[in-house]
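Asker: There's a structure below that I have some questions on.
The values are calculated or read from the model by the stated rules, or taken from the named source; none is laboratory data. A quick note: this is a predicted structure, and the numbers were derived from the prediction, not measured. Because the Cβ atoms are built from the backbone with ideal geometry, glycine has one as well, and the counts that use them run over all protein chains shown. Only protein heavy atoms, including side chains, enter the accessible area calculation; ligands, DNA and RNA are left aside. Shrake-Rupley method; radii C 1.70, N 1.55, O 1.52, S 1.80 Å.
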Amino acid sequence: MKKKSKKIVIGNMKMHGSLAFNEDHFKNLLQKLNTFNNLEITLCVPYPYLFQAQKILTGSNINWGCQNVAKEPEGPYTGEVSASMIKDFQSKLIIVGHSERNTAYCESDENIAEKFNMIKKHNMTPLLCVGENLNEREAGIMEKVVAEQIKTILDMYGSDIFKGSIVAYEPIWAIGSDSAASPNQIEKMCDFIKQLININSTDNDEVNIVYGGSVNAKNAVQLCEINGVDGVLMGRSSLNTNEFYEICNGISKI
Ligand code: PEP
């Protein structure tokens with residue numbers, strides 16, 4: 001298999017941070033990560049901190065983005081934030097379909113597909129999260145579950161919409177826990193996802209697959225070395241500057 005030029009490292013801050021915390025964290029990341037030009041690094045911040053991320057990270061090798069988007073372009077949708085508003089802050093990437101949103105806010109696969117499409121329309125990168133819960137894994141239906149999550153997008157918009165996007169395989173049981181999925185489980189699912197999407201792509205518009213779920217400085221290199229894994233998505237580790245640095249440092253040497 002051809003080796004990709006850049007591994008992907010994405011941090012999801014979730015609903016953490018403050019102006020004071022971010023000021024330190026973003027500036028420290030800026031300083032510590034500035035030599036990792038062989039990585040594609042992105043930090044997904046809460047909406048109110050997009051301006052702060054833009055102000056501090058502009059000109060650096062760290063991109064920024066956020067964790068959700070409205071499926072509508074604009075209008076009377078109280079509390080929603082549109083793709084064009086997020087793009088106004090030079091964001092590069094938006095997470096869609098994170099299991100924490102699906103569980104807490106009952107996001108349907110159709111909603112997620114429309115959001116995915118909206119992000120593409122605004123020339124940003126959608127990071128689609130897919131993955132099964134523990135019951136589904138134990139019942140052996142994890143591939144069926146992931147296929148359903150992806151198929152809605154394929155059915156609504158066709159496979160080419162995946163060009164240049166990122167899919168995160170995040171088994172729900174591994175998120176926020178103390179152990180990641182096994183290399184075998186991850187490799188099988190990444191392979192399954194690639195076959196399912198099956199686009200005719202070039203280096204610039206291929207679909208990248210990252211793994212998420214309890215990524216830390218101890219396991220990040222091993223996870224990135226798994227066949228078919230193009231990088232990592234991390235939650236907790238993205239809030240700790242040293243952990244973030246160690247993860248990037250390890251992966252940059254692969
Ligand atoms: C996540 O929720 O996207 C995630 C990967 O969380 P954690 O790294 O904390 O398991």
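Asker: Rounded to the nearest percent, how much of the accessible area of the chain (1.4 Å probe, protein heavy atoms only) is carbon and sulfur?
Answerer: About 48 percent, which is the carbon plus sulfur part of the accessible surface.
Asker: Semi-axes, largest first, in whole Å: what does sqrt of 5 times each Cα gyration tensor eigenvalue give for the range 1-80?
Answerer: So the three semi-axes of the range 1-80 are 26, 19, 10 Å.
Asker: Which of the peptides 96-105, 121-130 is most tightly packed, and how do the rest follow, going by the mean number of other Cβ atoms within 10 Å of each residue?
Answerer: 121-130, 96-105
Asker: Follow-up question, since we're still on this one. State the percent of C-alpha pairs, over all pairs in the chain, separated by a distance greater than 35 angstrom.
Answerer: Numbers: 2584 of 32131 pairs.
Of all Cα-Cα pairs in the chain, 8 percent lie more than 35 Å apart.
Asker: Between Tyr211, Tyr157, Tyr169, find the one with the highest GNM mean-square fluctuation for the chain; connect C-alpha pairs within less than 10 Å.
Answerer: Tyr157
Asker: Same structure, new question: Putting +1 on Lys and Arg Cβ atoms and -1 on Asp and Glu Cβ atoms, find which of Leu33, Gln54, Ser238 reaches farthest to the positive end of the dipole of the chain.
Answerer: Going by the charge dipole, the pick is Leu33.
Asker: Could you pull out every whole DSSP H run in the chain that spans at least 24 Å of Cα extent along its own axis and averages -0.5 or higher on the Kyte-Doolittle scale? If you can, show how the numbers build up before the last one.
Answerer: Details: long enough: none.
What comes out of the filter, once short or polar helices are dropped, is none.
Asker: Of all alpha-carbon pairs in the range 93-226, indicate the percentage at a distance above 17 angstrom.
Answerer: More than 17 Å apart: 57 percent of the Cα pairs in the range 93-226.
Asker: By how many nm would the segment from Gln90 to Glu72 lengthen if fully extended, with 0.36 nm per residue of separation less the alpha-carbon distance? Could the numbers behind the result be given before it?
Answerer: Details: separation 18, 0.36 × 18 = 6.48 nm, distance 1.94 nm.
Here the answer is 4.5 nm.
Asker: With +1 assigned to the C-beta of every Lys and Arg and -1 to the C-beta of every Asp and Glu, and no other charges, what is the dipole magnitude of the chain about the Cα centre in debye, to the nearest 20?
Answerer: Magnitude of the dipole: close to 780 debye.
Asker: Oh, and also: Per 0.36 nm of contour for each residue apart, how much would the distance between Asn184 and Phe51 grow if the chain were fully extended, relative to their Cα-Cα spacing?
Answerer: 43.8 nm
Asker: Here are some pairs, Lys55/Lys253; Lys92/Lys218; Lys120/Lys151; which of them have Cα atoms lying more than 23 Å apart in this structure? If you can, show how the numbers build up before the last one.
Answerer: Working: Lys55/Lys253 29 Å; Lys92/Lys218 28 Å; Lys120/Lys151 17 Å.
Flagged as over cut-off: Lys55/Lys253; Lys92/Lys218.
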